[in-house]
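The values are calculated or read from the model by the stated rules, or taken from the named source; none is laboratory data. Fair warning: this is a prediction, and the values are worked out from it, not measured in the lab. Using ideal geometry, Cβ is built from the backbone for each residue, glycine included, and neighbour counts are taken over all protein chains shown. For accessibility, only protein heavy atoms count, side chains too; no ligands or nucleic acids. Shrake-Rupley method; radii C 1.70, N 1.55, O 1.52, S 1.80 Å.
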Amino acid sequence: MGFDRNAESDVAFGHKPVLLDECLNALAIKPDGIYVDGTLGRAGHSLEIAKKLTAGGRLICLDRDETAIEAAKLRLADYMDRVTLVHSNFSRIDKVLQELDIAGADGMLFDLGVSSPQLDEAQRGFSYMHDAPLDMRMDRTATLTARDVVNDWSCEELRRILFAYGEERYAPAIAKAIVKRRQEKTIETTGELVEIIRQAMPPAALREKQHPAKRSFQAIRIAVNDELGELPPMLQAASELLQKGGRLAVISFHSLEDRIIKKTLQDLATGCTCPPNFPVCVCGRKPKMRLVSRKPIVAGEAELVYNPRARSAKLRVAEKL
């Protein structure tokens, strides 16, 4: 299960952001419209959206990582007359637009997961390939770190997140190993955690192609950043803030995210819920969104040649009614 976000590979290195053309088509960008990129990252999607806007249009870019905001000031320098950068979590999208005195948007894009710069900076503690302090915070102003999770959470809670968020079949053994080690000394680094995970797994698991710590690191990162908990409120807020005919495009990278997105969008697209035998509707419920496509949009073979990490990407699109 791949959760490492495609990651918006820098155009300077000859790559495009994941599902770029599909996202631009999904948003149906109007030159004078108002758009939101709720997951700025390397600004790959934002750059292409900004290029399609005139000076009368506006693009609001959010990211919880201040590093991404600073980098975007350079990447988007030629388009800052129509771009607003905001250091914030996308779950606050309603408050952000209210603070900017924006009543609604014509389109919103959310590309979920951890960005390449975060993975590339060893000191951020996201990677199991580099020894670094246990951190994993996307927003470095947040208080909860991977060190807190690993050293303070109960064995049962560790087992739960490893299984639920990482689909780690050896979750019970890994959780017990973590608790046993931390009773001897505090676990401080990613390298220490990788070694604990390795020792807890059977030899056959260590021979698998996938790194033995990948699923556990994914699970801990999701817990630290509450990545799944923030999805439903974001999707609900987006549905309220879109103008009529406005498009919502969401890219996910693993089944847990996609399941939440699919269910929430289906609920938003559902009208009357009265039993079929009722002669007239008494619930009064009307759909808020229309699903643009029933099935998720995935990367084509051409994109997978230069960006293999796009293989797990799924794009779902809905339109405000």
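Some values worked out for this structure:
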{"read-out": "Matching residues in segment 250-277 - criterion: being surrounded by 13 or more Cβ atoms within 10 Å (Cβ to Cβ), polar (S, T, N, Q) and not in a helix (DSSP H, G or I)", "value": "Ser252, Thr270"}
{"read-out": "Segment 206-244: number of residues that are among the charged types (D, E, K, R), part of a helix (DSSP H, G or I) and farther than 26 Å from Ala105 by Cα", "value": "3"}
{"read-out": "Matching entry among Leu315, Leu321 (being in contact (Cβ under 8 Å) with a residue 24 or more places away in the chain and either closer than 14 Å to Ser239 by Cβ or of a type in the set (Lys, Arg) (or both))", "value": "Leu321"}
{"read-out": "Failed item in (1) modelled with pLDDT under 95; (2) open to solvent by less than 50 Å² (accessible area, probe 1.4 Å); (3) of a type outside the set (Gly, Ala, Ser), with Lys286 passing the rest", "value": "(2)"}
{"read-out": "Every residue from segment 23-40 that is touching a Gly at 6+ places or on another chain (Cβ under 9 Å) and either assigned to a strand (DSSP E or B) or in contact (Cβ under 8 Å) with a residue 60 or more places away in the chain (or both)", "value": "Ala26, Leu27, Ala28, Ile29, Lys30, Gly33, Ile34, Tyr35, Val36, Thr39"}
{"read-out": "Selection count where residues are open to solvent by less than 10 Å² (accessible area, probe 1.4 Å) and either aromatic (Phe, Trp, Tyr) or at positive phi (or both), scope segment 205-228", "value": "1"}
{"read-out": "Whichever residue in segment 131-152 is open to solvent by 60 Å² or more (accessible area, probe 1.4 Å) and in contact (Cβ under 8 Å) with a residue 40 or more places away in the chain and, among such residues, is nearest to the chain's Cα centre (by Cα)", "value": "Arg140"}
{"read-out": "Residue check for Lys244: under 28 Å from Ala103 (Cα atoms) and at pLDDT 90 or above", "value": "yes"}
{"read-out": "Residues (outside any helix (DSSP H, G or I) and open to solvent by 10 Å² or more (accessible area, probe 1.4 Å)) located in segment 41-63", "value": "Arg42, Lys52, Thr54, Ala55, Gly56, Arg58, Asp63"}
{"read-out": "Filtered residues of segment 96-125 (kept if modelled with pLDDT of 95 or more, open to solvent by 20 Å² or more (accessible area, probe 1.4 Å), part of a helix (DSSP H, G or I) and under 25 Å from Ile261 (Cα atoms))", "value": "Gln98"}
{"read-out": "Of residues in segment 153-172 being assigned to a helix (DSSP H, G or I), open to solvent by 80 Å² or more (accessible area, probe 1.4 Å) and not aromatic (Phe, Trp, Tyr), the one farthest from Ala71 (Cα to Cα)", "value": "Glu156"}
{"read-out": "Selection within segment 174-204 - open to solvent by less than 30 Å² (accessible area, probe 1.4 Å) and over 28 Å from the mean Cα position of the chain (by Cα)", "value": "Ala177, Val179, Ala200, Met201"}
{"read-out": "Complete set of residues in segment 76-90 that are open to solvent by 40 Å² or more (accessible area, probe 1.4 Å), over 14 Å from Leu53 (Cα atoms) and in contact with a helix residue (DSSP H, G or I) (Cβ under 8 Å, 6 or more places away or on another chain)", "value": "His87"}
